[in-house]
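Student: The structure's right below; bear with me while I get my questions together.
The values are calculated or read from the model by the stated rules, or taken from the named source; none is laboratory data. Here the structure is a predicted model, which is why all the values come from computation and not from measurement. Here Cβ is always computed from backbone atoms with ideal geometry, including for glycine, and neighbour counts include all displayed protein chains. Protein only, heavy atoms only, side chains kept; ligands, DNA and RNA dropped before computing areas. Shrake-Rupley method; radii C 1.70, N 1.55, O 1.52, S 1.80 Å.
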Amino acid sequence: MRCVVGIDLGSTTTKAVLLDESGGTVGRGITNSRSNYEVASAVARDEALTAARFHRLERALGATGREAPALGPALREAFRLELHLDQIEGLGEEIARQLATPLYAQHARELGRPLAEVMDLARAEAPGLFRDGAERRSDFFRDLAGAAFLSGAERIARRDGLPFERMLGIFDRAILEVEARPAHRDFGRLLHRAASRVAPTTTPAADGRPPGNGARGRLLEEVARAAAEPILEVAFVGTGYGRSTLPFPREAVRSEILCHGRGAHRVFPGTRTVLDIGGQDTKAIQVDAQGVVSTFQMNDRCAAGCGRYLGYIADELNLGLHELGPLALKARRSVKVNSTCTVFAGAELRERLALGQDRSDILAGLHRAIMLRAMSLLARSGGVSDEFTFTGGVSKNVMATRVLRELVVQHYGEGITLNAHPDSIYMGALGAALYALDDVREGRPSVLPTFMPREDGRGG
Amino acid sequence: MAGPLGDCEARLARARALVEDRRLDTVRAWKAGHPGGLAIGHMPVYVPRPMLEAQGCLAVALFGGGDQVDIIRGDSYFQSYICHIPRSTIELALTGDLEPLDGVLFPSICDVIRNLGGMWKLLFPDRYSDYLDLPQDFDPEVGGAFYVRELGRIAGELERRGARPLEPGALREAIARENRRRAALEAMDALRAREPWRVRASEAYLIARAGAALPAQEHATLLEEFLAAAALREVRYRDNVRVVLVGAFCEQPPFELVLTLERAGCDIIHDDLQLGLRAIDGEIRVPEGADPLEALARAYLEQGTAMASRYIGEGEKGVALVRRVCDAAADGVVFAAASFCDPALLDQPMLERALEGAGIPFTSFKFAENTGQFQVIREQAGAFSDAVKLWGKES
Amino acid sequence: MTTPLATAAVKDASQQRQKRMIAEHFERLAAARDEGRKVVYTFVPGNLTELLGALGLLPVLPEINALQSGMRNRSAAYIAEAERAGHSEDVCTYVKCDIGMLKSGNIGPTGTRLPDPDLLLLSYTGCFTFMKWFELLRQEYRCPVAMLHVPYQSDGVITESMRSYVVEQLRRRVVPALERLAGRPLDMDELAARLARSRRAEEDLVAVWESARHRPSPIDGYFGGVYYVGPIFSSFRGTGDAEAYYRELRSEVESRMARGEGPTTPDGPATGERYRLVVEGPPNWTSFNEFWRMFIREGATVVASTYTRVGGLYDTGFRHDPARPLESLADYCLGCYTNLGLPTRTDLIERYIRDYQADGFVINSVKSCNSFSAGQLLVLRELERRTGVPGAFIESDLVDPRYFGKANIENRLQSYFQMLEARRRGGPS
């Protein structure tokens, strides 16, 4: 299969989208951004390739047997588990390596075994995380490993009277190292392991025949074929925050403004105005009927009113980012908040809490303050036209969306359709992939980034 | 409640209602009672209101939107490093709250307000707006002559839009009414300096600012009635620090900020919150037989108070402030500048230097008209008042 | 506001000449005390160089010193010095840079100490901060100040009232103050001769600006333009040197135009003009070449800019006039770009966009300069509405490197250029 790739390197997450030559989405991937942009991009692209292969595999399995549809999700989770176990392995090795450095020379003896034990616990708990239908806090290895390490290390430190903070320090160094290191993902091998884990060995087949090598063999065969099927990436476009340092070839870089506008227009073809609120910036974009940007405005230098601001608020309240919106929805009245300055956010919040104001009411006010800022930016870019599409991480916040809807009605009337899509986080990468597709269609030579060697198409 | 206390409260309630009248309902009412009369808005700091009154116009000082207006369109026109008052002023204009105004004057205060005047012309090309270039040359034959021509030009513009022609007799009367207002303001200043606990700064602020959209005579009456009532009311003596509040105020601080300073133990016995009313020191004298317009101009040239937007000439920066502190027997100075306010912030180091030279303590902070946090200011002002008390005892 | 001294970046013969002129000027300043020459500090917009020259007085322009400090990476330390001394982070960084430089020994761009002023000539033209600046300097130097209040052209018209106000101030206050300092009366013939030389230089400068109508433009009217305005904005207007400079510059530009060549840039002659732009707002000086290269790389040439009109607007017809010496000095001051009301400024930019057939326009909004910046977002919208040409809006500062966000500015500019490209193609690329 021939594909084009779009990657959007954001300040918080990195996204990849794979389109086939007809423009259909065949795979998407997301990972946490990290100090090494190249690795972040490579991981997102690996995730997208994995998704694409599963997409094909599930179609193939669906064609071969009745037991297969149920098998798909289980196989996916098993694959994730195998990948996770490999990563835990790598992390364990890195922790051992850290212990061997002069920095920890004094503690290697004392902490070596307990740390190994913590990693054993993480390994043992892993299958629970990837059971079919299991709820995970996050899909990112850094978060999962961090949570596992924290609980394990706490237990063992208490039990053995060990310095917990120091153990955590070692983990912090190790995870940074592991996350910044290029990792080769052998899809075939991982898939085979996953398939072996879930393949039917004991369950009787639906037709009552005894379980046997037939079903298992057939599955493994399909799996092997899916792994071997080449995916040829023929074109690439990258975009993202702080684009001057992107790990992409210069000719393959497109403005995130263009990409977001195009992506949003593709998902909602009636789109004329796009509001994107990401971690570090806010963009108000006007597009024409073809999805081409006609004007845009970005927030000024400071990150006031962006996703990062909500992050600070969540930290200050010791809450998860995703909990803010629902909590704000419970407000009985909205406290008037005038500052959206990230620097003062904590102080203002503490002062209001100290005054006895309700947490939900304050949060409602904060959300309103952010959206007022966004409304100003929209006004600056030329206003809101129908249809209006809200994208970026903050668009997943229910309170933000609700306040935006109210403000749009108040200032631009009832006639505006407000689109928000659960996958809006992929809009930039989707737009980038669409620009890559343009390159293919118009016969422009494509330059792939170094982390995407054009090889036999087997993927990384 | 009857009696003097009730009278005070009633005047304050009226003042508060006037201050909070952002939708200019009082102006609408005035226009209904004065068919054909023009309501002319003006940005803060100095505009010769008697001239407008003499032409049968209602002068309306515009002080931004305070802390109660959602700023959306206003923000869309200004970068983050520009002060707040132009944002809320534009917001009010675009939401229709300034509809009753037949025109707006932009006196020379700073580059931001000057450019706001230009924005007005672009945004509201069908409405009258004008820039009033106050002279920075104080020679009657040079700057004075220019200023008189400038006022004559504006009077002509107003006349073309239906205002009465500027007649010397009417101007003379308007100046007399203005002088009555000024006398009442001075009486209030004197009372505050004598017995700061009798008229609190927050009250004086409301009563003074209430005149923004009142004819001078009506404002003078309000002031006089309030003062009469205040002189009689029962009050409790407070042992507070006496401060002068300095801010080159065009953008107004939130009312809560004035209250915060009071609660922190500072008696503001003098301030430049209503700078326009203080831009001329003392009575505007119109000698017998003199041209009142010349006299009005001359008062600005010769009795102009030291303010940040006025060139100091051959004078010394800060001398006027030191004199003001001494005259009022104040213990110290509180600088409260609007964030990004060029006149206030560029002036401040020079004023601070003069205060240092005179051994007068001071503290400083910044605000925006919609500041919602006062914790830091409360702590700072509290620490300042404690330090000044201690310092006063030691010296 | 204003213009850099010639650096090695541009190596045309005219630039070499400018460099020599500047070096000689600073030598004269260094020797001023010994030779008993008097020094006057003044500002670029509304400068009265011919008047100073006719009386043998030497000008120092603190704005130029500040931008020079910015280009030589000194401004951050100077600004920090001023902020430590109590100056607000909110206010103009030219002022703080100048005060910091003063407190650090007042070493000028050529490494020698600048002489203290004998007089501060406060030409209040188009910028409120000028007044505060010299009030601050007066506290430091304790020298006399001559104030020239130039009224604001809020309606884009110079009235007789404005002109006579300025002329009266010149006649009664400024000229006598300068004469007292020089110890001799003003020779009106000498002044007229200087104004005549200014006029000839102005003719040549306008020809240089108008060369940008040609495709490809032989000049960059912003980054290159700040070099071109060097002599006429600063200490040389009305001198024979300046006249020769503009004659030479014009002939260089005309020969580039004849050969179909693009502008001279720090990286050699520009080729392949892809975008023709108009720029509003001053440049950033701390990353000047870096900023310029963001345009060069994309094939963007600036065909006209407003910043190069802050020290005098000549391409709408004004010339200094030896027959009306004081009146024409008054008109010069009144006509400087930042002394024009926002509607007039908008009309002028619109005219540039149309006359120079620009593909777009860029507003560089600097934090320091409210005179320029307040209202620019409305100007942006108004221009887009009137011309249909899209504008870009970026933010930086004059000489405070903390406000030059390279990634941010590059991001916006690249997005903008790609948008121009996509619009040009008329559909998804």
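Student: Please state which of the following conditions B:Gly313 fails to meet, knowing it meets all the rest: (1) within 11 Å of another protein chain (Cβ to nearest Cβ); (2) at pLDDT below 95; (3) at negative phi.
Tutor: Checking B:Gly313 against (1) within 11 Å of another protein chain (Cβ to nearest Cβ); (2) at pLDDT below 95; (3) at negative phi, the one that fails is (3).
Student: Identify, from the list B:Leu166, B:Leu257, B:Leu261, B:Leu275, the residue that is aliphatic (A, V, I, L, M) and farther than 30 Å from B:Cys83 by Cα.
Tutor: On the way: B:Leu257 fails: farther than 30 Å from B:Cys83 by Cα; B:Leu261 fails: farther than 30 Å from B:Cys83 by Cα; B:Leu275 fails: farther than 30 Å from B:Cys83 by Cα.
Of B:Leu166, B:Leu257, B:Leu261, B:Leu275, the one residue that is aliphatic (A, V, I, L, M) and farther than 30 Å from B:Cys83 by Cα is B:Leu166.
Student: Right, here's the next one. Which count do you get for residues in the stretch B:372-391 that are of a type in the set (Phe, Trp, Tyr) and at the interface with chain A (Cβ under 10 Å from one of its Cβ atoms)? It would help to see each step written out before you state the result.
Tutor: So the first thing to find is which residues in the stretch B:372-391 are of a type in the set (Phe, Trp, Tyr), and the list is B:374, B:384, B:391.
Still in the running and at the interface with chain A (Cβ under 10 Å from one of its Cβ atoms): B:374.
Looking only at that region, the number is 1.
Student: Name every residue in the stretch B:51-69 that is within 14 Å of chain A (Cβ to nearest Cβ) and either surrounded by fewer than 22 Cβ atoms within 10 Å (Cβ to Cβ) or under 30 Å from B:Arg298 (Cβ atoms) (or both), in order of residue number. Let's see the steps before the verdict.
Tutor: Taking the stretch B:51-69 and keeping what is within 14 Å of chain A (Cβ to nearest Cβ), we get B:64-69.
The answer is B:Gly66, B:Asp67, B:Gln68, B:Val69.
Student: Can you tell me which residue in the stretch B:73-128 is farthest from the other protein chains (Cβ to nearest Cβ), limited to those that are of a type in the set (S, T, N, Q) and open to solvent by 10 Å² or more (accessible area, probe 1.4 Å)?
Tutor: Within the stretch B:73-128, the subset of a type in the set (S, T, N, Q) is B:76, B:79-80, B:88-89, B:95, B:108, B:115.
Retained after the next criterion (residues that are open to solvent by 10 Å² or more (accessible area, probe 1.4 Å)): B:80, B:95, B:108.
On the way: B:Ser80: 5, B:Thr95: 10, B:Ser108: 7 Å.
Taking the candidates together, the pick is B:Thr95.
Student: A further question follows. Which count do you get for residues in the stretch B:140-157 that are open to solvent by 10 Å² or more (accessible area, probe 1.4 Å) and either β-branched (Val, Ile, Thr) or touching a residue at least 60 places away in the same chain (Cβ under 8 Å) (or both)? Walk me through it before giving the result.
Tutor: Step one: filter the stretch B:140-157 for residues open to solvent by 10 Å² or more (accessible area, probe 1.4 Å), giving B:140-141, B:145, B:148-150, B:152-153, B:156-157.
Retained after the next criterion (residues that are either β-branched (Val, Ile, Thr) or touching a residue at least 60 places away in the same chain (Cβ under 8 Å) (or both)): B:140, B:148, B:152.
The qualifying residues number 3.
Student: With respect to the numbered conditions (1) closer than 26 Å to B:Phe340 by Cβ; (2) more than 9 Å from chain B (Cβ to nearest Cβ); (3) in a helix (DSSP H, G or I), which one is the sole condition not fulfilled by C:Leu377?
Tutor: C:Leu377 satisfies all of (1) closer than 26 Å to B:Phe340 by Cβ; (2) more than 9 Å from chain B (Cβ to nearest Cβ); (3) in a helix (DSSP H, G or I) except (2).
Student: Might you let me know whether the stretch C:218-236 holds any residue that is more than 20 Å from the chain's Cα centre (by Cα), open to solvent by 30 Å² or more (accessible area, probe 1.4 Å) and touching a residue at least 40 places away in the same chain (Cβ under 8 Å)? Outline the logic, then answer.
Tutor: Of the stretch C:218-236, the ones more than 20 Å from the chain's Cα centre (by Cα) are C:218.
Of the ones still in play, those that are also open to solvent by 30 Å² or more (accessible area, probe 1.4 Å) are none.
Looking for residues that are more than 20 Å from the chain's Cα centre (by Cα), open to solvent by 30 Å² or more (accessible area, probe 1.4 Å) and touching a residue at least 40 places away in the same chain (Cβ under 8 Å), one finds none in the stretch C:218-236, hence no.
Student: Taking the stretch C:168-188 on its own, how many of its residues are within 10 Å of another protein chain (Cβ to nearest Cβ) and open to solvent by 30 Å² or more (accessible area, probe 1.4 Å)?
Tutor: Count: 4.
Student: Also, I was wondering about something else. For the stretch A:326-346, give me the residue count where each residue is within 8 Å of chain B (Cβ to nearest Cβ) and part of a helix (DSSP H, G or I).
Tutor: Here the count works out to 1.
Student: Just a yes or no: is a residue in the stretch B:103-114 part of a helix (DSSP H, G or I) and among the charged types (D, E, K, R)? Steps first, please.
Tutor: Pass one, the stretch B:103-114, residues part of a helix (DSSP H, G or I): B:111-114.
Still in the running and among the charged types (D, E, K, R): B:111, B:114.
Yes, some residue in the stretch B:103-114 is part of a helix (DSSP H, G or I) and among the charged types (D, E, K, R).
Student: Right, something else. How many residues does the stretch A:217-250 hold that are in a helix (DSSP H, G or I) and either more than 13 Å from chain C (Cβ to nearest Cβ) or modelled with pLDDT of 85 or more (or both)? Even if it seems obvious, please write down each step before you answer.
Tutor: Taking the stretch A:217-250 and keeping what is in a helix (DSSP H, G or I), we get A:217-228, A:243-245, A:250.
Now drop any that are not either more than 13 Å from chain C (Cβ to nearest Cβ) or modelled with pLDDT of 85 or more (or both), which leaves A:217-228.
Count: 12.
Student: State which residue is farthest from the other protein chains (Cβ to nearest Cβ) when the search covers only the stretch A:265-283 and only residues that are out of contact with any Asp or Glu (no Cβ under 8 Å at 6 or more places or on another chain) and of a type in the set (Gly, Ala, Ser).
Tutor: A:Gly279
Student: Right, another one. Out of all the residues in the stretch A:14-43, which are within 19 Å of A:Pro182 (Cα to Cα), touching a residue at least 40 places away in the same chain (Cβ under 8 Å) and either hydrophobic (A, V, I, L, M, F, W, C) or open to solvent by less than 20 Å² (accessible area, probe 1.4 Å) (or both)?
Tutor: Across the stretch A:14-43, the qualifying residues are A:Thr14, A:Lys15, A:Ala16, A:Ile30, A:Thr31, A:Asn32, A:Val39, A:Ser41, A:Ala42, A:Val43.
Student: Could you check the stretch A:347-460 for helices (runs of 4 or more DSSP H) lying wholly inside it with 2 or more residues that are more than 14 Å from chain B (Cβ to nearest Cβ) and farther than 21 Å from A:Asp276 by Cβ?
Tutor: Numbers: elements: A:359-381, A:398-412, A:427-441.
Where helices (runs of 4 or more DSSP H) fall fully within the stretch A:347-460 and carry at least 2 residues being more than 14 Å from chain B (Cβ to nearest Cβ) and farther than 21 Å from A:Asp276 by Cβ, they are A:359-381, A:427-441.
Student: Another question, if that's okay. In the stretch A:283-293, what residues are modelled with pLDDT under 90 and open to solvent by 10 Å² or more (accessible area, probe 1.4 Å)?
Tutor: Selection gives A:Gln290 alone.
Student: Yes or no: the stretch C:66-85 includes at least one residue that is closer than 30 Å to C:Leu170 by Cβ and assigned to a loop (DSSP other than H, G, I, E, B).
Tutor: At the first step, the residues of the stretch C:66-85 found to be closer than 30 Å to C:Leu170 by Cβ are C:66-68.
From what is left, the residues that are assigned to a loop (DSSP other than H, G, I, E, B) are none.
No, the stretch C:66-85 contains no residue that is closer than 30 Å to C:Leu170 by Cβ and assigned to a loop (DSSP other than H, G, I, E, B).
Student: Further question: Looking at C:Glu63 and the list (1) buried (at least 21 other Cβ atoms within 10 Å of the Cβ); (2) among the acidic types (Asp, Glu); (3) within 14 Å of another protein chain (Cβ to nearest Cβ), which single condition is not satisfied?
Tutor: Answer for C:Glu63: the failing condition is (3).
Student: Restricting to the stretch C:41-72, count the residues that are of a type in the set (Lys, Arg) and at positive phi. Step through it out loud before you land on a result.
Tutor: Filtering the stretch C:41-72 for residues of a type in the set (Lys, Arg) gives C:72.
Of the ones still in play, those that are also at positive phi are none.
Number of matching residues: 0.
Student: I've got another one for you. Kindly indicate whether C:Tyr141 is open to solvent by 10 Å² or more (accessible area, probe 1.4 Å) and within 19 Å of the chain's Cα centre (by Cα).
Tutor: On the way: open to solvent by 10 Å² or more (accessible area, probe 1.4 Å): yes; within 19 Å of the chain's Cα centre (by Cα): no.
For C:Tyr141, the condition - open to solvent by 10 Å² or more (accessible area, probe 1.4 Å) and within 19 Å of the chain's Cα centre (by Cα) - is not met.
Student: Being outside any helix (DSSP H, G or I) and either open to solvent by less than 80 Å² (accessible area, probe 1.4 Å) or assigned by TED's automatic domain parsing to the domain that holds A:Thr50 (or both) is true for just one of A:Leu168, A:Leu144, A:Leu162. Which residue is that? Steps first, answer last, please.
Tutor: Working: A:Leu168 fails: outside any helix (DSSP H, G or I); A:Leu144 fails: outside any helix (DSSP H, G or I).
So the residue among A:Leu168, A:Leu144, A:Leu162 that is outside any helix (DSSP H, G or I) and either open to solvent by less than 80 Å² (accessible area, probe 1.4 Å) or assigned by TED's automatic domain parsing to the domain that holds A:Thr50 (or both) is A:Leu162.
Student: Among the listed residues A:Ala345, A:Ala354, A:Ala369, identify the single one that is farther than 29 Å from A:Gly270 by Cα, small (Gly, Ala, Ser) and in contact (Cβ under 8 Å) with a residue 24 or more places away in the chain.
Tutor: Among A:Ala345, A:Ala354, A:Ala369, only A:Ala345 is farther than 29 Å from A:Gly270 by Cα, small (Gly, Ala, Ser) and in contact (Cβ under 8 Å) with a residue 24 or more places away in the chain.
Student: So for the stretch B:362-370 (the condition being more than 14 Å from chain C (Cβ to nearest Cβ) and either surrounded by fewer than 19 Cβ atoms within 10 Å (Cβ to Cβ) or of a type in the set (S, T, N, Q) (or both)), does at least one residue qualify? Walk me through how you get there before you give the answer.
Tutor: As a first pass, look at the stretch B:362-370 and keep what is more than 14 Å from chain C (Cβ to nearest Cβ): B:369-370.
Then drop every residue that is not either surrounded by fewer than 19 Cβ atoms within 10 Å (Cβ to Cβ) or of a type in the set (S, T, N, Q) (or both), which leaves B:370.
Scanning the stretch B:362-370 turns up at least one residue that is more than 14 Å from chain C (Cβ to nearest Cβ) and either surrounded by fewer than 19 Cβ atoms within 10 Å (Cβ to Cβ) or of a type in the set (S, T, N, Q) (or both).
Student: Can you spot a residue in the stretch A:406-429 that is farther than 23 Å from A:Leu9 by Cα, crowded, with 19+ Cβ neighbours inside 10 Å, in contact (Cβ under 8 Å) with a residue 40 or more places away in the chain and in contact with a His (Cβ under 6 Å, 6 or more places away or on another chain)?
Tutor: no
A quick yes/no check of all residues on (1) in the same structural domain as A:Ser395 (by TED's automatic domain parsing); (2) of a type in the set (Ser, Thr, Tyr); (3) at pLDDT below 80; (4) open to solvent by less than 60 Å² (accessible area, probe 1.4 Å):
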position: A:Thr295; (1), (2), (3), (4): yes, yes, no, yes
position: A:Ala303; (1), (2), (3), (4): yes, no, yes, yes
position: A:Cys306; (1), (2), (3), (4): yes, no, no, yes
position: A:Gly320; (1), (2), (3), (4): yes, no, no, yes
position: A:Ala331; (1), (2), (3), (4): yes, no, no, yes
position: A:Asn338; (1), (2), (3), (4): yes, no, yes, yes
position: A:Thr342; (1), (2), (3), (4): yes, yes, yes, yes
position: A:Met371; (1), (2), (3), (4): yes, no, no, yes
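Student: Of these, C:Tyr165, C:Tyr124, which one is without any contact (Cβ under 8 Å) to a residue 60 or more places away in the chain, facing another protein chain (nearest Cβ under 8 Å) and touching a strand residue (DSSP E or B) at 6+ places or on another chain (Cβ under 8 Å)?
Tutor: Working: C:Tyr124 fails: without any contact (Cβ under 8 Å) to a residue 60 or more places away in the chain.
Only one candidate qualifies: C:Tyr165.
Student: Based on this model, can you work out whether C:Met131 counts as out of contact with any Asp or Glu (no Cβ under 9 Å at 6 or more places or on another chain) and open to solvent by 10 Å² or more (accessible area, probe 1.4 Å)? Give the derivation first.
Tutor: Values: out of contact with any Asp or Glu (no Cβ under 9 Å at 6 or more places or on another chain): yes; open to solvent by 10 Å² or more (accessible area, probe 1.4 Å): no.
Considered against the rule, which asks whether it is out of contact with any Asp or Glu (no Cβ under 9 Å at 6 or more places or on another chain) and open to solvent by 10 Å² or more (accessible area, probe 1.4 Å), C:Met131 comes out as no.
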